[in-house]
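The values are calculated or read from the model by the stated rules, or taken from the named source; none is laboratory data. Remember, it's a predicted structure, so these values are computed and weren't measured experimentally. Ideal geometry is used to build each Cβ from the backbone, glycine not excepted, and the neighbour counts take in all protein chains shown. Ligands, DNA and RNA are stripped out before the accessible areas are found, and what is left, the full protein with its side chains, is counted by its heavy atoms. Shrake-Rupley method; radii C 1.70, N 1.55, O 1.52, S 1.80 Å.
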Amino acid sequence: MGCGGDDLSGNARGRWYKFNDNVVEEFDMNDETLEYECFGGEYRPKVYDQSNPYPDVRRRYWNAYMLFYQRISDQNSPALPKKSRVSIMRQEAEDLSLSAPSSPDVSPQSSPRPPRANNDRLTLLTRLVRKGEKKGLFVEKMPASIFQMVRDENLRFMRNRDVYNSDYFSFILSLASVNATKLKHQNYQPMAKESLQLAVHFLFHTYLHTKKKLRVDTEEWMAAVEVLLSKSSEACQWMVQFLVGPEGREIIRVCLLECSVREVRTVVASILEKTLESALHFGDPGLDSLTDALLSLLDKDVPENVKNCAQYFNLFSNFTQRGCGSCQLLLKHAAYRRMLIFLLGSNRQNNQNRRWSPAQAREFLHLHSTLALITLHTDLSPQRTLAPGGSKLPASSVQSSGPLLQLHPDILASLFTPEGQPYLLEVMFAMRELSGPLSLLIEMVTYCSYCNEGFSLGVLQLLKSQLETAPPHELKNVFQMLQEILVVEDPLQSQRLKYAFESDRGLLALMHQSNNVDSRRCYQCVKFLVTLAQKCPPAKDYFKDLSGHWSWAVQWLQKK
């Protein structure tokens, strides 16, 4: 709104105008129009059309307000009463009289005037100080607490600027690595210990807390730590004692599980793996304490940080690949049973729900690999139900330098008793849900199936159930495991083929049931039959004798 001012002439003076975005029009100012235009609220349109989608009662959205500030004084501080010109001149005269030196002349009619007392100077100084106080002269404009906080922040910034930079990081790396290769030095052991202490404290307290752009020498740091741990027993002993102490346990919990940066968790897991390996090599007396400290995290800390646990289990997976010695150490500390309890729950039954959701279980690839590796390093010959005859064990990627471990009761209970059904079912879910390499799980199942009728038929039953109920896009690894079991050459091979294809709910029946309602599942079964026949001569001969049960698939695919 605007009112005509002095710049308007003639009849426009005193009139009101409404200024819109691009239209200016005259406005009749009265109570009704003022309420309608300026105070918001709701209104009803004069003409209401039922076909119009807008509501009968509408809200005024075009009102607004303007806020005015009136300047009271030009000064920033509150206005003070003005002094008169006379009082100002009198004050200046007094200041000049006090500051002027005493005149040496003496009037002939009077006696010499005594010298001005020193307190006149003191009076002037007092007045000047008071004047300075009123003006705020040399007064700190910042509160002392804020000044101290700013000062501390500036000092911290300057320190971080000097510490968190690439040159300083390179210097510390060179300093920590200088003793790593001096193996023939007579004081190598204490020198390596000092170097490892420097490296570990710098890594855990500084390096791993920086931004990614500064962590460019991670591989060099890991190489230096690995050399110091593997070549010096004193350095390894100090590392074990440090990790089992309160500070080390806190670092493991925070940096290995709670940290959200994957690279940091990977570095810490690698350091712990090298420490376990070196301690096992040197026979360090603190190895048992360190192993137990790591496994104790399964009780609370790992479940609370399950989304970050992949690196934790990768630590044990890499450690078990070192051979039977590492597996024996883990079995000694009940690692197999502890990991099963973490995976399944304390009292998991066959018909109970899973402890972890599929999204959470995707982090358990290395957990399954650890359990599989411990099993592959175990002698399962006592569980065979048939003599091998002239057959050989399935090929395995696990190479053991010494004799296999004796069958542990925890492994026996989880694989070869009815109580182990929940674990095998979890293995089936892993074949469906995990996307990483699952060769170790497949090798474990084929190793357990060799010359073991009960285990073979039980696993085949679980696999057939998955093929029937799981979504078709999750069946690739399930078919892969089924293929590896069926190609095992032992006295049970023909029995496995018949059980997989001809038994109740076998693959041939599944193909008949799904060819009309689930063509994709049926096609996967047909493709599996062809692939198995190409890779396994006994299976090819078996399918030739059974051609009447699958020959319809030729016409079915031709129609497709």
Take the conditions open to solvent by less than 10 Å² (accessible area, probe 1.4 Å), on the phi < 0 side of the Ramachandran plot and within 22 Å of the chain's Cα centre (by Cα) and apply them to residue 313. Does it pass? yes
Tell me, please, whether a residue that is assigned to a helix (DSSP H, G or I) and touching a strand residue (DSSP E or B) at 6+ places or on another chain (Cβ under 8 Å) can be found in the range 399-408. no
Looking at residue 541 and the list (1) more than 27 Å from residue 380 (Cβ to Cβ); (2) touching a residue at least 60 places away in the same chain (Cβ under 8 Å), which single condition is not satisfied? (2)
Unmet criterion (only one of (1) assigned to a helix (DSSP H, G or I); (2) open to solvent by 80 Å² or more (accessible area, probe 1.4 Å)) for residue 126: (2)
With surrounded by 14 or more Cβ atoms within 10 Å (Cβ to Cβ) and modelled with pLDDT of 95 or more as the only criterion, which of 196, 208 stands out? 196
Would you confirm, using the coordinates I've provided, whether residue 223 is open to solvent by less than 30 Å² (accessible area, probe 1.4 Å), closer than 27 Å to residue 283 by Cβ and at pLDDT 90 or above? no
Any idea how many residues of the range 511-546 are among the polar types (S, T, N, Q) and either open to solvent by 50 Å² or more (accessible area, probe 1.4 Å) or in contact with a His (Cβ under 6 Å, 6 or more places away or on another chain) (or both)? 3
For residues that are open to solvent by 90 Å² or more (accessible area, probe 1.4 Å) and touching a Phe, Trp or Tyr at 6+ places or on another chain (Cβ under 9 Å), scanning just the range 547-560, find the one that is farthest from residue 486 (Cα to Cα). 560
Of all residues in the range 334-349, count the ones that are part of a loop (DSSP other than H, G, I, E, B) and within 11 Å of residue 410 (Cα to Cα). 1
Based on what the data block shows, is residue 352 over 20 Å from residue 248 (Cβ atoms), more than 28 Å from the chain's Cα centre (by Cα) and outside any helix (DSSP H, G or I)? yes
Output the qualifying pairs, or none if there are none: Cβ atoms under 7 angstrom, residues six or more apart or on different chains, first residue in the range 505-527 and of a type in the set (Lys, Arg), second residue surrounded by fewer than 19 Cβ atoms within 10 Å (Cβ to Cβ). 505/468; 520/472; 521/472
Within the range 134-151, can one find any residue that is open to solvent by less than 80 Å² (accessible area, probe 1.4 Å), closer than 30 Å to residue 206 by Cα and not in a loop (DSSP other than H, G, I, E, B)? yes
Quick test for you: out of 297, 331, pick the one residue that is in contact with a strand residue (DSSP E or B) (Cβ under 8 Å, 6 or more places away or on another chain), assigned to a helix (DSSP H, G or I) and of a type in the set (A, V, I, L, M). 331
Within the range 380-405, residues more than 16 Å from residue 445 (Cβ to Cβ), surrounded by fewer than 12 Cβ atoms within 10 Å (Cβ to Cβ) and not hydroxyl-bearing (Ser, Thr, Tyr) come out as 382, 387, 389, 390, 392, 399, 402, 403
Condition (residue is surrounded by fewer than 17 Cβ atoms within 10 Å (Cβ to Cβ) and aliphatic (A, V, I, L, M)) applied to the range 408-418: is it met by at least one residue? yes
Flag if residue 488 is touching a Phe, Trp or Tyr at 6+ places or on another chain (Cβ under 9 Å), part of a loop (DSSP other than H, G, I, E, B) and surrounded by 15 or more Cβ atoms within 10 Å (Cβ to Cβ): yes
Answer yes or no: is there a residue in the range 45-59 that is over 56 Å from the mean Cα position of the chain (by Cα), open to solvent by 80 Å² or more (accessible area, probe 1.4 Å) and modelled with pLDDT of 80 or more. no
Mind listing whichever residues of the range 491-510 are modelled with pLDDT of 90 or more and either open to solvent by 40 Å² or more (accessible area, probe 1.4 Å) or more than 15 Å from residue 525 (Cβ to Cβ) (or both)? 491, 492, 493, 494, 495, 496, 498, 499
Reported set for the range 306-328 where residues are hydrophobic (A, V, I, L, M, F, W, C) and in a helix (DSSP H, G or I) is 306, 310, 313, 315, 316, 319, 324, 327
Which one of these is outside any loop (DSSP other than H, G, I, E, B) and open to solvent by less than 30 Å² (accessible area, probe 1.4 Å): 425, 463? 463
Given the conditions (1) in contact with a Lys or Arg (Cβ under 9 Å, 6 or more places away or on another chain); (2) among the hydrophobic types (A, V, I, L, M, F, W, C); (3) surrounded by fewer than 22 Cβ atoms within 10 Å (Cβ to Cβ), every one holds for residue 282 apart from (1)
The number of residues in the range 154-190 that are open to solvent by 40 Å² or more (accessible area, probe 1.4 Å), modelled with pLDDT of 90 or more, aliphatic (A, V, I, L, M) and in a helix (DSSP H, G or I) is 1
The range 240-259, residues that are open to solvent by 30 Å² or more (accessible area, probe 1.4 Å) and more than 14 Å from residue 302 (Cα to Cα): 241, 244, 246, 247
Please verify whether residue 435 is under 34 Å from the mean Cα position of the chain (by Cα), among the small types (Gly, Ala, Ser), within 19 Å of residue 354 (Cβ to Cβ) and open to solvent by less than 40 Å² (accessible area, probe 1.4 Å), treating the condition exactly as stated. no
